[in-house]
Amino acid sequence: MKLFFLSLTFCSIGFYATAQRTIDQRVDSVLKLMTLDEKIGQMNQYNDDWNATGPVTLDSTKRQQLRNGQLGSLLNCVGTRRTRVWQEVAMQSRLKIPLLFGQDVIHGYKTTFPIPLAEAASWDLEAIELSARIAATEASSAGVHWTFAPMVDIARDPRWGRVMEGAGEDPYLGSKIAFARVKGFQGNGLGNTNAVMACAKHFAAYGAAIGGRDYNSVDMSERMLWEVYLPPFKAAVDAGAATFMNAFNDLNGVPATGNRYLQRDILKGKWKFNGFVVSDWGSIGEMIQHGNVKNEYEAALSAVTAGSDMDMESRCYRNNLAQGVKDKKVPVRLIDDAVRRILRKKFELGLFDDPFRFCDAQREQAALNNPAHTAAARQVAAKSIVLLKNEKNLLPLSKNTKTIAFIGPLVKPKKQNKGFWDVEVPGVDSNFIVSQWEGLQNKVGNTATLLYAKGCDIEGDDRSGFAEAIEVAKKSDVVILSIGERRDMSGEAKSRSNINIPGVQEDLLKELLATGKPVVVLINAGRPLVFDYTAEHAPAILYTWWLGSEAGNAIADVLFGDYNPSAKLPISFPRSVGQVPIYYSHFNTGRPAGNDDDKNYRSAYNDLSIYPQYEFGYGLSYTTFQYSNLELSKRKMRIHEKIEVSVTIRNTGAYDGEDVVQLYLRDKVGSVVRPVQELKDFAKVKLKAGESKTLRFVIDKEKLSFYNQPLQWVAEPGDFELMIGASARDIRLRDRFELVQ
Ligand code: BGC
């Protein structure tokens with residue numbers, strides 16, 4: 001019987017013979033053949049021998065463990081050559097269960113797209129989905145089955161370096177983006193060779209680390225958890241995310257990795273998630289340092305009971321689960337449930353039918369050299385650039401500009417543009433990345449003279465390059481200054497207490513402004529930086545984040561108006577770190593400050609504005625938009641009715657452009673207090689100069705609901721304020737309606 005099954009499953013004729021059976025039946029038939037050791041093996045994931053994001057356990061026995069059926073997945077193994085070698089070893093194991101290859105494909109594989117926070121600034125769900133689609137196409141061609149993305153953690157604290165990896169501060173925008181990213185990665189569904197499994201991470205509330213210190217504790221009310229931090233995860237489940245990753249943090253005293261409430265009750269229970277959960281790197285073992293378990297044995301028991309199906313790198317499962325079963329501390333049904341979940345995905349990916357279906361070197365070559373991917377990366381990058389300031393319409397620059405000085409430490413480097421979390425693709429160097437200098441050269445060709453000076457370093461206090469920069473500036477018609485962070489200053493374990501533009505870069509700006517030349521500042525960063533001086537004195541500012549491999553071309557497109565900026569901030573930019581955490585959807589309090597002159601015994605700072613430097617939803621265009629004709633289909637709504645909202649947007653400027661029209665609501669009186677405004681819808685609209693369009697939004701019960709005191713999701717009758725804005729502060733039109741019984 002055993003032999004019969006094996007021959008059916010693992011020889012090519014057998015694949016088709018078994019194809020009529022459901023995946024669950026096929027999973028069960030494999031499970032029946034497995035020893036406990038092999039089952040635990042499937043729950044075990046190791047790092048390949050390179051490219052680590054955490055402490056690596058030196059383990060020369062990995063190959064032998066794989067042959068023994070003791071390894072279910074590898075991470076940080078990419079490229080058809082390398083994955084094929086490992087997969088061949090898996091095929092030497094008794095049951096030939098294929099190995100799963102996971103990788104952090106966070107914003108592109110070879111073709112690098114803007115960092116996720118930058119992409120979120122596009123508010124362009126199609127573009128965001130496309131970027132994930134292309135990343136999946138490239139990664140899957142190179143042997144990757146599974147990306148550890150999207151990170152859907154809401155983040156409201158720019159001191160936390162991982163803000164760069166998410167979609168910012170807002171649960172509504174964050175949910176839409178989570179959905180788009182999962183769809184993009186998984187394409188038309190697992191089983192297609194260009195789809196990879198998505199992994200919504202880090203479950204949950206990792207982004208609310210106290211003090212913005214990575215890995216730190218999270219202490220949060222249930223309501224905050226449900227209303228703000230969980231929605232993007234729920235959206236990922238709704239989009240069909242194949243996997244979840246738990247988190248390093250503890251949530252209200254219980255490490256997320258051993259958190260039964262999160263993983264079993266919410267994710268697998270209430271949300272009926274049928275994929276599997278992987279731990280974060282070593283996080284099962286780290287529960288010992290948390291002080292939540294005594295040793296690795298207890299750690300393994302806690303994690304498996306809580307619902308963590310796969311152990312990334314800690315080896316707690318490998319070394320302890322069998323003993324746990326023997327001691328009757330771990331019911332075999334828990335192990336079976338985890339293994340079923342993992343095997344199901346291997347079947348869905350088609351790996352049992354052909355373990356090498358992602359190892360086609362020719363497909364890899366073609367996918368990694370597809371000009372359409374490059375073109376898309378350039379477009380998405382342009383859509384992610386935020387125009388923060390543009391005095392006297394300094395931008396766009398005229399294509400007849402004769403002499404341009406391009407100054408700053410980020411003008412010439414190539415790799416910096418990739419930002420954090422790029423993939424080291426075997427055999428690919430950084431040459432294909434378009435530097436900002438090359439982008440400008442490509443744009444102006446021979447029509448303008450380009451002058452360069454580095455001016456200063458990103459960090460440090462060396463001013464010796466200032467003189468040359470000033471000389472160069474004096475010879476030019478316009479200066480473009482490219483400053484900011486180093487690409488590895490925002491990312492995992494990159495928390496900072498000082499988020500000012502580092503070094504003497506703003507001093508260099510001061511000197512350049514003193515020449516009297518118009519200066520356009522490009523700010524490159526993975527997080528909101530603090531740049532008071534620049535915000536006040538520079539006539540034009542573009543926030544360019546890290547834009548990926550086409551950064552240079554995209555920046556040039558925006559500088560010269562070939563792309564009219566349309567991005568809006570997905571996160572508030574503080575004036576000083578003292579304002580952090582700062583977010584637009586705060587409560588009113590009993591003593592709200594009406595404005596910055598209203599400080600006396602108010603909820604305000606005595607020494608600082610209550611407003612951020614740039615608010616959520618903010619971003620300028622080369623054109624202007626006028627909002628009018630706000631109409632509501634009714635002003636009294638019964639609970640199961642809907643209100644249709646229409647508003648007319650007109651492009652009143654001289655350029656074609658896109659605007660992100662934002663709809664905010666405020667529930668005026670609630671059984672628990674409600675935020676002063678909450679984003680509930682938005683539309684990105686493209687208008688030619690002079691053109692107008694009428695947009696329609698629908699308000700339904702869902703948009704009016706929140707968690708009341710017993711944490712029921714309810715819409716309470718009463719008055720609501722409706723705001724249509726170009727940002728959270730720039731509210732152009734208001735109205736009211738009432739929800740009636
Ligand atoms: C990170 C995860 C990542 C994993 C694997 C961890 O340190 O927190 O987000 O997926 O490493 O690289």
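The values are calculated or read from the model by the stated rules, or taken from the named source; none is laboratory data. Only a predicted model underlies this, so the values are computations on that prediction, with no experimental measurement involved. So basically every Cβ, Gly included, is an ideal-geometry build from the backbone, and we count neighbours across all protein chains shown.
Since Leu695 meets every condition but one in (1) assigned to a strand (DSSP E or B); (2) more than 32 Å from the chain's Cα centre (by Cα), which condition does it not meet?
(2) is the only condition that Leu695 fails.
Go through the stretch 77-98 and give me each residue that's closer than 28 Å to Leu31 by Cβ, within 27 Å of the chain's Cα centre (by Cα) and assigned to a loop (DSSP other than H, G, I, E, B). Walk me through how you get there before you give the answer.
First, the residues of the stretch 77-98 that are closer than 28 Å to Leu31 by Cβ: 77, 83-98.
Applying the additional criterion that residues be within 27 Å of the chain's Cα centre (by Cα) yields 77, 83.
Passing the criteria: only Cys77.
Go through the stretch 60-76 and count every residue that is more than 16 Å from the ligand (Cβ to nearest atom), in a loop (DSSP other than H, G, I, E, B) and touching a residue at least 24 places away in the same chain (Cβ under 8 Å).
4
Got a number for residues in the stretch 259-268 being surrounded by fewer than 24 Cβ atoms within 10 Å (Cβ to Cβ) and either within 16 Å of the ligand (Cβ to nearest atom) or of a type in the set (A, V, I, L, M, F, W, C) (or both)?
Count: 1.
Return the residues of the stretch 667-692 that are under 27 Å from the mean Cα position of the chain (by Cα) and under 19 Å from Leu733 (Cβ atoms); say none if nothing qualifies.
Val676, Gln677, Glu678, Leu679, Lys680, Asp681, Phe682, Ala683, Lys684, Val685
Regarding the stretch 651-662, can at least one residue be identified that is in contact (Cβ under 8 Å) with a residue 24 or more places away in the chain and within 26 Å of Ser603 (Cβ to Cβ)?
Scanning the stretch 651-662 turns up at least one residue that is in contact (Cβ under 8 Å) with a residue 24 or more places away in the chain and within 26 Å of Ser603 (Cβ to Cβ).
So which residues in the stretch 196-218 are surrounded by fewer than 24 Cβ atoms within 10 Å (Cβ to Cβ) and in contact with a strand residue (DSSP E or B) (Cβ under 8 Å, 6 or more places away or on another chain), if there are any at all?
The answer is Ala209, Ile210, Ser217, Val218.
It is to be established whether one or more residues within the stretch 591-608 are closer than 30 Å to Asp124 by Cβ and either outside the structural domain of Val698 (by TED's automatic domain parsing) or surrounded by 15 or more Cβ atoms within 10 Å (Cβ to Cβ) (or both).
no
Could you tell me which numbered condition Phe420 fails, if it satisfies all but one of (1) buried (at least 21 other Cβ atoms within 10 Å of the Cβ); (2) in contact with a strand residue (DSSP E or B) (Cβ under 9 Å, 6 or more places away or on another chain)?
Of (1) buried (at least 21 other Cβ atoms within 10 Å of the Cβ); (2) in contact with a strand residue (DSSP E or B) (Cβ under 9 Å, 6 or more places away or on another chain), only one is false for Phe420: (2).
So for the stretch 538-551 (the condition being of a type in the set (A, V, I, L, M) and surrounded by fewer than 21 Cβ atoms within 10 Å (Cβ to Cβ)), does at least one residue qualify?
Taking every residue of the stretch 538-551 in turn, none turns out to be of a type in the set (A, V, I, L, M) and surrounded by fewer than 21 Cβ atoms within 10 Å (Cβ to Cβ).
Return the pair list, or none, for Cβ contacts closer than 6 Å from residues in the stretch 675-696 that are free of Cβ contacts under 8 Å to residues at least 40 places away in the same chain to residues that are of a type in the set (Val, Ile, Thr), at least 6 apart or on different chains.
Ala683/Val661; Val685/Ile649
Consider only pairs whose beta carbons are under 7 Å apart and that are at least six residues apart or on different chains; among these, list those whose first residue lies in the stretch 442-457 and is of a type outside the set (A, V, I, L, M, F, W, C) and whose second residue is modelled with pLDDT of 95 or more and surrounded by fewer than 16 Cβ atoms within 10 Å (Cβ to Cβ).
Thr449/Lys402; Thr449/Thr403
For Leu173, all conditions in the list (1) of a type outside the set (Gly, Ala, Ser); (2) in contact with a strand residue (DSSP E or B) (Cβ under 9 Å, 6 or more places away or on another chain); (3) under 30 Å from Thr305 (Cα atoms) hold save one; what is the number of the exception?
(3)
Could you check how many residues of the stretch 496-551 are under 26 Å from Lys475 (Cα atoms), assigned to a loop (DSSP other than H, G, I, E, B) and touching a residue at least 12 places away in the same chain (Cβ under 8 Å)?
Total meeting the criteria: 8.
When the residues of the stretch 133-148 are filtered to those that are part of a helix (DSSP H, G or I) and away from the ligand (no atom under 14 Å from the Cβ), which remaining residue is nearest to Arg81 (Cα to Cα)? Walk me through how you get there before you give the answer.
First, pick out the residues of the stretch 133-148 that are part of a helix (DSSP H, G or I): 133-141.
After this cut, where a residue has to be away from the ligand (no atom under 14 Å from the Cβ) as well, the list is 133-138, 140-141.
Values: Arg133: 23, Ile134: 21, Ala135: 19, Ala136: 18, Thr137: 17, Glu138: 15, Ser140: 13, Ser141: 11 Å.
Only one residue fits best here, namely Ser141.
Scan the stretch 569-589 for residues that are free of Cβ contacts under 8 Å to residues at least 60 places away in the same chain and either surrounded by fewer than 17 Cβ atoms within 10 Å (Cβ to Cβ) or among the polar types (S, T, N, Q) (or both) and jot them down.
Within the stretch 569-589, Ser576, Gly578, Gln579, Thr589 meet the criteria.
Is there any pair with a first residue in the stretch 153-165 that is over 15 Å from Tyr229 (Cβ atoms) and a second that is polar (S, T, N, Q) whose Cβ atoms are under 7 Å apart and which are 6 or more apart or on different chains, and what are they?
Final answer for the pair search is Arg159/Ser495; Arg159/Ser497; Gly161/Ser490; Gly161/Ser495; Met164/Ser490.
Could you check the stretch 598-614 and list, in sequence order, the residues that are farther than 17 Å from Asn588 by Cα and charged (D, E, K, R)?
Asp607
Of the residues in the stretch 174-204, how many are away from the ligand (no atom under 14 Å from the Cβ) and aliphatic (A, V, I, L, M)?
6
Out of the residues in the stretch 205-220 meeting the condition of being in contact with a helix residue (DSSP H, G or I) (Cβ under 8 Å, 6 or more places away or on another chain) and assigned to a loop (DSSP other than H, G, I, E, B), tell me which one is nearest to the ligand (Cβ to nearest atom).
Going through the qualifying residues, I end up with Asp214.
Name the residues in the stretch 621-662 that are part of a strand (DSSP E or B), surrounded by fewer than 20 Cβ atoms within 10 Å (Cβ to Cβ) and among the aliphatic types (A, V, I, L, M), would you?
Matches in the stretch 621-662: Leu630, Leu632.
Taking the stretch 187-204 only, how many residues are under 17 Å from the mean Cα position of the chain (by Cα), of a type outside the set (D, E, K, R) and outside any loop (DSSP other than H, G, I, E, B)?
Counting residues in the stretch 187-204 that are under 17 Å from the mean Cα position of the chain (by Cα), of a type outside the set (D, E, K, R) and outside any loop (DSSP other than H, G, I, E, B) gives 5.
Out of the residues in the stretch 233-258 that are part of a loop (DSSP other than H, G, I, E, B) and more than 16 Å from the ligand (Cβ to nearest atom), which is surrounded by the fewest Cβ atoms within 10 Å (Cβ to Cβ)?
In this case the residue turns out to be Gly253.
Answer yes if at least one residue in the stretch 31-48 is more than 16 Å from the ligand (Cβ to nearest atom), among the β-branched types (Val, Ile, Thr), modelled with pLDDT under 95 and not in a helix (DSSP H, G or I), and no otherwise.
The answer is no, given that none of the residues of the stretch 31-48 is more than 16 Å from the ligand (Cβ to nearest atom), among the β-branched types (Val, Ile, Thr), modelled with pLDDT under 95 and not in a helix (DSSP H, G or I).
Kindly indicate whether Asp461 is in contact with a Pro (Cβ under 6 Å, 6 or more places away or on another chain), assigned by TED's automatic domain parsing to the domain that holds Asn524 and assigned to a loop (DSSP other than H, G, I, E, B).
no
Quick check on the stretch 314-323. Is at least one of its residues out of contact with any Pro (no Cβ under 6 Å at 6 or more places or on another chain), crowded, with 23+ Cβ neighbours inside 10 Å and closer than 19 Å to Cys77 by Cβ?
Scanning the stretch 314-323 turns up at least one residue that is out of contact with any Pro (no Cβ under 6 Å at 6 or more places or on another chain), crowded, with 23+ Cβ neighbours inside 10 Å and closer than 19 Å to Cys77 by Cβ.
Name the residues in the stretch 149-162 that are within 16 Å of the ligand (Cβ to nearest atom) and of a type outside the set (A, V, I, L, M, F, W, C), would you?
The answer is Pro150, Asp153, Gly161, Arg162.
I need a count of the residues in the stretch 369-395 that are crowded, with 21+ Cβ neighbours inside 10 Å and assigned to a loop (DSSP other than H, G, I, E, B).
Here the count works out to 2.
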